[in-house]
Structures are given as structure tokens and as C-alpha cells.
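**Student:** Structure below; questions to follow.
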Amino acid sequence: MDQHINAPISNEDATSLRAGDYVYITGTIYTARDAAHLRMDNALDQNEPLPIDLTNNIIYYMGPSPAREGRPIGSAGPTTASRMDKYTPRLLDLGLKGMIGKGKRSDAVKDAIVRNHAVYFAAVGGAGALLSKSIKSSEVIAYDDLGTEAIRRLEVENFPVIVVIDSEGNNLYETAIHAYQQD
Amino acid sequence: MKTIYTTQITQAVRELCIEANHALTPDMDTALKQAVSTEKSPLGKQILNQLQDNLQIADTDKIPICQDTGMAVIFIEIGQEVHFEGGSLEDAINEGVRQGYTDGYLRKSVVKDPLLRENTNDNTPAVIHYELTAGDKVTITVAPKGFGSENMSRVFMLKPADGIEGVKNAILTAVKDAGPNACPPMVVGVGIGGTFEKCALMAKKALTRPISQRSAIPYVKEMEIELLDKINRTGIGPGGLGGTTTALAVNINTYPTHIAGLPVAVNICCHVNRHAVREL
């Protein structure tokens, strides 16, 4: 089912989305990948504040290529989410409501999604040029020294994603494969 | 002797890095187009259409096909009648990578040390494979490799008794484990035989063979066709979201091996199977 939602994502939207829904996101989302997650994790260990308020926010696992003149961003597709699995349950428990990436998640992440009524979306991997067209602005807001791995605030318009793990723990990667498996 | 200036190498590598990241080879293009019409899943078809749009935008707006513009893997075949002038060949290649990734707005994805992890900020060094050949030509292949699929690649040191069925199972296991992480539809590069490192290198090089071209060895060709069919029956599909297009090709290279061994390497590549070639 096609859905249009706003980001930050409301509790109602997060719980109503179902695995397999095709969703267009409009609003503000944040990027973070391996190195930024490690830093946020260390900050939490030290009881330091995070550079972003996680509450009802969506993190996009993405490190863009450099923007050409006149463009807000370069190629901007998802990276493999499982590399963030180690840090994710902690962030979900602190209010993170959605993640955009690609690929499988651990059971611990799935449990944390269900526990916090959150949602895991996939964007199409390897479609970074296309996805960049839905990003209207991009601003580095933390960890600038990490280059492509810095935390960015993105304004997105009808950013296309698919719900993979919903707040009930349904997992599209598991169900969809069975539907087309032969012999 | 033929003289080639290392500045020519730098120039070629620079251009090949940019070219490879913005356009696929004709064989890849054709296969991805065909997949749109053969894919059975509606969502799979929608994803394959997005990939068509993506290639179009990459070409028109000069935005890299994928933001992971890879670590630059470079195969350089050097004719033994060639003489280089102008400094170190390795430096010339890395200078080409530096210029290509900087001037071409490509992502710098290389860290200086695997554990200290500080970005080199110019995507160097490249991983360079040198090969001496007969004649007076230099052929450079630049194959930027993204790590979503690289991370799902495997080496299996099988026993001779495992035989051809063992090899097929190893390849299928690697593909199934990769699933959505490797950005299917994939291209599966396989090396069978040689030693531990030889089979891995063969698997990498197999990814640069046109995917429309089957092995010249009859039993290997049969295996490539059979495995592609089996992979496309797994149900993984485009983006791993279900469907009948999980791989576009299985390219297998083989080499003699030891009486005690049967090494198999599976180098998985995403649908952005990039390489650009130039002969000097």
C-alpha cells in the first residue's frame, strides 16, 4: 500500500505502517553511519549529550558522494544497515523511531523495534543518483571531521522507501522471499 | 621497445575512475533492461524500473550511479616490450585515482589503516594487480568496488571429495547469505582452483568479464548457466524484496590446483558492476 508520511514520524504513523508498504517521506531526517554511530555510542557511555535529539526522528544510513555546484548533495543511496546493529537498540530505546538502510537486521534490533513501536525502512541500494533527487537540502550538523560519515540534516520530499520491519516485527525480507522461492 | 609515459597512465586512470562510476558497460545495461520485462514480482519490477531511472540520471546529471564509488581495484596488463618513463608506475596509478576521485566528485571511502580508520581523503591507495603479457600494449581496467557486496564475499577451502556439488553449494550459500545486503540483482564472480589468494583474485577478475560471455570450458559454462537459474529461484529478487531476478550472471574462472585442495572464492558484486577499460 502506498503511504505518505512526515518526518519526524508520529507514533501513529510508526505503528500503522506495515511491512511491504511503499512509503514516501517528507520532512527532516538525519544521516549517520558507522563512524557517527560509534561516536554517539561513546558519547552516551560518557553521559554526554548526543548531537541530535532522537525523539521520533529517522536516521538514514548514508554517506553521500560530494555535491556538484548547485546541487544539495551528490549520490545518496543507503548503506548496509547491519553494521549499525551493535548500536541500534540503545538508540531506539532513547526515542529513535525510524531507520532507513538496506539489508538484514539482527534479532536484537528487531526486538528493539517492536519494544519501541519503531520501523525499519529500506531504500533501493545502488540507486543513489535517483534518491538524491528527493533530497532538497543537506547540512552537516556534527562530526564534520568524519567527511562523508558526518551527521547531516536532510530535508527530503517524497523520499521513496519500503517498510521492511514494522512495529509488530513483521519482516518483508523473510516473507517476500518465500513468495517467489521455487523448488 | 615502446615507451609509455607515466603521465599517460595517470590521465587514463583518472578518466576511467570517473567513467566507471557514471555509466555501466553495454552488457550490464542490456541485462538490467531485460530484467524489467522478465521480473515476476510487481515490487521487483518497480525497483528495476527505479534502477533504469537511476542510470539515466547518473548519465544526464553526472551524479555517480551509487554513492559508494568504491575502493579502486585496478588490473594493469603490461606488455613485456613496454618501457615506462617519468617515475614510479604505482605512484602514477595512485595519482590517477586521486585526481579522478577529487575532480569527479566521487566519494572518498578509503581509510589509511584498517583498525585506526582515518580517511585518506583522496580514495588512495588503489588495490593494484599487475600482470605481464606478451607484446607492447598496456591495458588498464579500473573496477571500483563497493563494499556492500564486497563484505558478502567468501573463500571456501573445500576438499577434492566435495566435488562439483560442493562447489555449487558453496556458491549458493554465499549468494543466499548475501541476500538483500549485496544490492541484488547481483553479478557473481567465482574463482575455482589455484591457491587461497589465486582463487580470490580470479573471482574478482571474473566480475570484469562481460556478463553476456560464458566460459569457454564446456562444463564450466554449464555450471554458470545452472547456478544462475538456481540463484534466480531463491526468491531473493531485486533489492532482496522478493522476485525472480536475484542475479544477472555467474562468471566462473578456473585454474590448476593442488592434489589436496579445491579452493573456491565467491566475489559478489551488486547491480552496479562497474569497470572501464583502456588500452595504451
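The values are calculated or read from the model by the stated rules, or taken from the named source; none is laboratory data. Model, not experiment: these values are computed from the prediction. Neighbour counts run over all protein chains shown; Cβ positions are idealised from the backbone, glycine included.
**Student:** Among the residues that make up the stretch B:206-227, is at least one of them surrounded by 20 or more Cβ atoms within 10 Å (Cβ to Cβ), under 21 Å from B:M71 (Cβ atoms) and aliphatic (A, V, I, L, M)?
**Tutor:** Yes, the stretch B:206-227 has at least one match.
**Student:** Could you list all residues from the stretch B:74-128 that are without any contact (Cβ under 8 Å) to a residue 24 or more places away in the chain and either more than 29 Å from B:K62 (Cα to Cα) or not hydroxyl-bearing (S, T, Y) (or both)?
**Tutor:** Taking the stretch B:74-128 first, the residues without any contact (Cβ under 8 Å) to a residue 24 or more places away in the chain are B:102, B:108, B:111-121.
Correct list: B:K108, B:V111, B:K112, B:D113, B:P114, B:L115, B:L116, B:R117, B:E118, B:N119, B:N121.
**Student:** So A:G169 passes all but one of these: (1) more than 10 Å from every other protein chain (Cβ to nearest Cβ); (2) surrounded by 21 or more Cβ atoms within 10 Å (Cβ to Cβ); (3) in a loop (DSSP other than H, G, I, E, B). Which condition number does it fail?
**Tutor:** (2)
**Student:** Select from the stretch A:135-165 the residues that are closer than 22 Å to A:D21 by Cβ and out of contact with any helix residue (DSSP H, G or I) (no Cβ under 8 Å at 6 or more places or on another chain) and write down the one among them that is surrounded by the most Cβ atoms within 10 Å (Cβ to Cβ). Let's see the steps before the verdict.
**Tutor:** So the first thing to find is which residues in the stretch A:135-165 are closer than 22 Å to A:D21 by Cβ, and the list is A:135, A:154, A:156-165.
The next check asks that each one be out of contact with any helix residue (DSSP H, G or I) (no Cβ under 8 Å at 6 or more places or on another chain); those that pass are A:135, A:154, A:156-158, A:161.
Numbers: A:I135: 24, A:L154: 24, A:V156: 24, A:E157: 13, A:N158: 11, A:V161: 27.
Here the residue is A:V161.
**Student:** A further question on this structure: Hey, does the stretch B:139-157 have a residue that's in contact with an Asp or Glu (Cβ under 6 Å, 6 or more places away or on another chain), touching a residue at least 40 places away in the same chain (Cβ under 8 Å), surrounded by fewer than 22 Cβ atoms within 10 Å (Cβ to Cβ) and closer than 25 Å to B:Y101 by Cβ?
**Tutor:** yes
**Student:** Next up: Among the residues of the stretch A:47-101, how many are among the β-branched types (V, I, T), buried (at least 20 other Cβ atoms within 10 Å of the Cβ) and under 21 Å from A:V163 (Cα atoms)?
**Tutor:** Number satisfying all stated conditions: 6.
**Student:** Could you identify the single residue in A:R68, A:R83, A:R105 that is without any contact (Cβ under 8 Å) to a residue 12 or more places away in the chain, under 30 Å from B:L106 (Cα atoms) and within 11 Å of chain B (Cβ to nearest Cβ)? Don't jump to the end; show me each part of the working.
**Tutor:** On the way: A:R83 fails: without any contact (Cβ under 8 Å) to a residue 12 or more places away in the chain; A:R105 fails: without any contact (Cβ under 8 Å) to a residue 12 or more places away in the chain.
On inspection, the qualifying residue turns out to be A:R68.
**Student:** For the stretch B:37-84, how many residues are of a type outside the set (D, E, K, R), away from chain A (no Cβ under 14 Å) and more than 20 Å from the chain's Cα centre (by Cα)?
**Tutor:** Going through the stretch B:37-84 one residue at a time, the tally reaches 7.
**Student:** Just wondering, is there one or more residues in the stretch A:70-82 that are at pLDDT below 95 and either in a loop (DSSP other than H, G, I, E, B) or touching a strand residue (DSSP E or B) at 6+ places or on another chain (Cβ under 8 Å) (or both)? Before you say what the answer is, go through the steps one by one.
**Tutor:** First pass over the stretch A:70-82, keeping only residues at pLDDT below 95: A:70.
If we keep only those that are either in a loop (DSSP other than H, G, I, E, B) or touching a strand residue (DSSP E or B) at 6+ places or on another chain (Cβ under 8 Å) (or both) too, we end up with A:70.
Scanning the stretch A:70-82, I find at least one residue that is at pLDDT below 95 and either in a loop (DSSP other than H, G, I, E, B) or touching a strand residue (DSSP E or B) at 6+ places or on another chain (Cβ under 8 Å) (or both), so the answer is yes.
**Student:** Could I ask something else about it? Out of B:G44, B:G87, report the one residue that is in a loop (DSSP other than H, G, I, E, B), farther than 23 Å from A:I135 by Cβ, out of contact with any Cys (no Cβ under 7 Å at 6 or more places or on another chain) and not basic (K, R). Walk me through how you get there before you give the answer.
**Tutor:** Details: B:G44 fails: in a loop (DSSP other than H, G, I, E, B).
Matching residue, one of B:G44, B:G87: B:G87.
**Student:** Does A:G27 qualify as being in contact with a strand residue (DSSP E or B) (Cβ under 9 Å, 6 or more places away or on another chain), part of a strand (DSSP E or B) and surrounded by 15 or more Cβ atoms within 10 Å (Cβ to Cβ)?
**Tutor:** On the way: in contact with a strand residue (DSSP E or B) (Cβ under 9 Å, 6 or more places away or on another chain): yes; part of a strand (DSSP E or B): yes; surrounded by 15 or more Cβ atoms within 10 Å (Cβ to Cβ): yes.
Spelling it out, A:G27 is indeed in contact with a strand residue (DSSP E or B) (Cβ under 9 Å, 6 or more places away or on another chain), part of a strand (DSSP E or B) and surrounded by 15 or more Cβ atoms within 10 Å (Cβ to Cβ).
**Student:** Something else: Scanning for something touching a strand residue (DSSP E or B) at 6+ places or on another chain (Cβ under 8 Å), buried (at least 18 other Cβ atoms within 10 Å of the Cβ), among the polar types (S, T, N, Q) and modelled with pLDDT of 95 or more, does the stretch B:102-123 turn up at least one residue?
**Tutor:** Scanning the stretch B:102-123 turns up at least one residue that is touching a strand residue (DSSP E or B) at 6+ places or on another chain (Cβ under 8 Å), buried (at least 18 other Cβ atoms within 10 Å of the Cβ), among the polar types (S, T, N, Q) and modelled with pLDDT of 95 or more.
**Student:** Turning to a different aspect of this structure: What helices (runs of 4 or more DSSP H) completely inside the stretch B:111-219 contain at least 1 residues that are within 14 Å of chain A (Cβ to nearest Cβ), touching a Ser or Thr at 6+ places or on another chain (Cβ under 9 Å) and more than 30 Å from B:I78 (Cβ to Cβ)?
**Tutor:** In the stretch B:111-219, the matching helices (runs of 4 or more DSSP H) lie at B:147-150, B:163-178.
**Student:** Could you count how many residues in the stretch A:132-152 are farther than 21 Å from B:Y101 by Cβ and within 14 Å of chain B (Cβ to nearest Cβ)?
**Tutor:** Let us first name the residues in the stretch A:132-152 that are farther than 21 Å from B:Y101 by Cβ, namely A:133-137, A:139, A:141-143, A:151.
Still in the running and within 14 Å of chain B (Cβ to nearest Cβ): A:133-135, A:143.
Qualifying residue count, the stretch A:132-152: 4.
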